[in-house]
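Since the structure comes first, as structure tokens, the remarks are kept for the end.
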Amino acid sequence: MYLGTVERYVAYGVGGMMCELAFTGVKAGWPKFKGKIPLWNFFIYSTGAIAAFEPLHLYLREKDYPLPLRVSLYACAFFAIEYAAGYLITKATGKAPWIYRKPYSIHGLIHLPYFPFWCVLGFAAEKTHLFLLSLNYSPFYK
């Protein structure tokens, strides 16, 4: 049996949280390495990966688009997800979940200089997606 949507959802959420902790930890400076992440990011990463990234990845690979174009499109999709999630959380709670400082930020919700990081993450997400699709597992229950 192959990994289902729920298992991939959890894998993307955990992987996203680990990447976020590493990124914010490195930004805090060595040797502190104090990463911080709100729990809702798990759901942002998971939902974004299943609802947007996976279908986009399969479509772009089927059409045989070159890697630079694919990772650029992933970065744009990640920006859209980050903006939408930030906007919705701000509306729901009355407080912005993250604030990027100007210049080069859009409403404080996305930070354009992070584009290369999102491209690298898109490449890693491609490899992760293919790996998850290749896994077989035996459930402990039937």
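Some points to look at:
- The distance linking the stretch 1-20 with the stretch 50-66 is 17 Å (Cα centroid to Cα centroid, whole angstrom).
- Of the DSSP H helices in the chain, those that are both long (alpha-carbon extent of 24 Å or more along the helix axis) and hydrophobic (Kyte-Doolittle mean at least 0.0) are 5-28, 67-93, 115-134.
- Net charge contributed by nearby residues that have their C-beta within less than 12 Å of LEU69 (K/R +1, D/E -1): +2
- Links that overshoot a 27 Å alpha carbon limit, given the list LYS63/LYS91; LYS36/LYS102; LYS36/LYS91; LYS91/LYS127: LYS63/LYS91; LYS91/LYS127
- Diffusion coefficient, µm² s⁻¹, Stokes-Einstein with Kirkwood Rh over alpha-carbon pairs of the stretch 5-134 at 10 °C and 1.306 mPa s: 103 µm²/s
- Close amide-amide hydrogen proximity is noted between LEU109 and TYR100, each under 5 Å apart and 5 or more residues distant or on a separate chain (H modeled in the peptide plane; Pro and chain starts excluded).
Readers should treat all values here as calculations from the given coordinates under stated rules, not as data from a laboratory. Predicted model, so just to flag it, every value in this text is computed and none were measured. Don't worry about glycine lacking a Cβ; one is built from the backbone with ideal geometry, like all the others, and counts go over all protein chains shown.
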